[in-house]
Amino acid sequence: MSTDARLVVISNRVAVPKARGAAGAQGGLAGALHSALKSRKGLWFGWSGEESESGRTGNIATQSSDGVTTATIDLSERDIEEYYNGYANSTLWPLFHYRLDLAKYERETGKGYERVNERFAELVTPLLEEDDVVWVHDYHLVPLGERLRARGAKNRIGFFLHIPWPATRLFVSLPYHERLTRTMLHYDLLGFQTKEWLDSFLHYCRTELGADVDEATGAITLDGRTTIARAYPIGIDWDHFSGLGETGDARQAQQRLMSSARRRTAMIGVDRLDYSKGLPERLDGISRFFDKHPERVRDLVFVQIAPPSREDVDSYQAIRATLEQKAGQINGARSEVDLVPIRYVNRGYSHAELFGFFRAAKIGLVTPLRDGMNLVAKEYIAAQDPEDPGVLILSSFAGAAAQMKDALLVNPHSPDDLAHAIRTALDMPLEERKRRYDALIGTVRDDNVQDWTETFLSDLDSVSGG
Ligand code: ADQ
């Protein structure tokens, strides 16, 4: 890292290390942030995930290990309902994933969102030191930078959006959209996953805010203040993830899936149970494949691992019911006494077990309708055997598609397109599988999460702050 300044990460949730080394074992984003924090003796601030009486939500619980301090606060039931389940997950998440049909626009939840952002600013401000570099994460905390500035923070403050930025014509359906976006121009550096989301944001700033936008440098100037916006595609924790192949858990998981699939080709999907991940559409594609090629039902077993998330939000309950019904219908129509084509599992697994499943599966299906990046696509490739790699079928609407053009890119809305890709993957000769794998592995290995953290933070160090 190019500077000794302390790093302060602020995100909705904090991954509090439970035991020595636990943060490393989490892998992915939490692990990468933890190592950046460790090298800069940092502080990580956010919600504990716990609910408490509203009178006690001003208490900060701190914990230090390995030179990293975590500071967490509880939220009240009302905060959780309005800020987390409400504005963040029932307004911004669906809108940013192009699901206007699911986006709810309620004044009360908008106020709750602003109130919790204000509380974050109020509680973190006394913990900030003059030279700290502050990195705010994701859609839960868009206005936080402006709230910190209002309290006098002169620090360099960066923001990274993990999800897409929607097209301007969609985004302007958000009531008071200008109020939200103007707050973003109080950050020094804004990071997006892909050039596509970045371009949408720049377009919005130019056409709706009347900002002066320099496309070449990403400089956005409004009211005499300049913010830099750039694309920083996130990657996986390569060292951690690729090392998992050597573990007993990974080997066992691989063996388990291979032996239970017997001679059939295993095809896998691993996603949080979320409507943005295109799961019902995926099942429609598989069903279309079986309709077109009934003789191949015996060739394939599809395993979908989808742990529930955000269960207090109605649309998440609805997606769960839809999937259970669709999986049940396909299995009802296609099963034999010794064969069930779809295995649908609603639980989480360790990354080592997922590594084993990915390696056993000769086809990886990653077909979100819209996704900021999608790390599962990269994990699937990282887990393959270079001498006999599986085939990744990837939605062209995932941010990852911009870097992974050698996957079989599909339109996840089209069952025919999906069915065709499954057939192509099943029949793909080893030579082509290797060629595609060789073309994909470089970006998965080199554009990893450490590289992402270092690039973002070094850019943040070099912009003029305050
Ligand atoms: P997510 O929407 O959660 O992340 P993704 O990028 O795929 O999506 O990351 C999911 C992570 O959870 C992966 O590491 C995966 O292995 C893990 N996971 C999924 N199912 C699991 C299961 N059953 N058991 C255990 N682990 C499981 C958001 C954005 C993405 C963006 C990331 C990072 O929506 O677009 O890529 O943040 O910026």
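Here, each number is a calculation from the coordinates, and none is a lab measurement. Remember, it's a predicted structure, so these values are computed and weren't measured experimentally. Every residue, glycine among them, receives a Cβ derived from its backbone with ideal geometry; neighbour counts consider all protein chains shown.
Side notes on the structure shown:
- A Förster distance of 56 Å, applied to the separation of the beta-carbon atoms of Arg151 and Ala321, puts the FRET efficiency at 0.80.
- Relative contact order of the chain: 15 percent, from C-alpha pairs under 8 Å at least 6 residues apart in sequence.
- FRET efficiency for the Asp427 to Asp101 pair, using the beta carbon distance and R₀ = 25 Å, is estimated at 0.10.
- Helix-only [θ]222 nm of the chain, DSSP H runs n ≥ 4, -39500 (n - 2.57) each, per residue, nearest 500: -12000 deg cm²/dmol
- Segment 405-459: C-alpha gyration tensor shape, a/c 1.5 cut-off, then a/b vs b/c: oblate
- Relative contact order, percent, segment 238-446 [alpha-carbon distance under 8 Å, six or more residues apart]: 26
- Taken over the chain, the ratio of Cα radius of gyration to 2.2 N^0.38 Å equals 0.99.
- Folded to 0 to 90 degrees: helix 430-446 orientation relative to the chain principal axis, Cα: 10
- Cα gyration tensor category, rounded, prolate or oblate, for segment 367-418 with a/c compared to 1.5: oblate
- DSSP-defined beta bridges in the chain - what % are antiparallel, rounded to 5: 20
- Taking a Cβ cut-off of under 15 Å around Ile393, the surrounding Lys, Arg, Asp and Glu residues balance to a net charge of -1, with basic ones at +1 and acidic ones at -1.
- With both labels modelled 7 Å from their Cα along Cα-to-Cβ, the Lys38 to Arg272 distance reads 2.5 nm.
- Cα gyration tensor shape of segment 238-446, rounded if a/c is under 1.5, else prolate or oblate by comparing a/b with b/c: rounded
- Taking 0.36 nm per residue of separation and subtracting the current Cα-Cα distance, fully stretching the chain between Gln255 and His293 would add 10.9 nm.
- Electrostatic bookkeeping for His351 treats Lys and Arg as +1 and Asp and Glu as -1; over the other residues with beta carbon under 10 Å from its beta carbon, the sum is -4.
- Tilt relative to the chain, helix 314-334 - C-alpha long axis, 0 to 90 degrees, to 10: 10
- Trp197, Trp238, Trp135 arranged by Cβ crowding within 10 Å, fewest neighbours leading: Trp238, Trp197, Trp135
- The lysines within cross-link reach of Lys405, meaning a Cα-to-Cα straight distance under 18 Å and a gap of 8 or more places when in the same chain, are Lys195, Lys378, Lys434.
- Between Arg230 and Leu170, the FRET efficiency from the beta-carbon distance, with R0 = 30 Å, is close to 0.85.
- Residues Tyr176, Tyr204, Tyr87, Tyr98, ranked from the fewest to the most other C-beta atoms within 10 Å, line up as Tyr176, Tyr98, Tyr204, Tyr87.
- Net charge of Cβ neighbours under 11 Å - reference Leu198; Lys, Arg +1; Asp, Glu -1: -1
- Contour excess over end-to-end distance, with Cα ends at Arg182 and Lys405 and 0.36 nm allotted per residue: 76.8 nm
- Footprinting exposure proxy ranking of Thr424, Thr91, fewest other C-beta atoms within 10 angstrom first, gives Thr424, Thr91.
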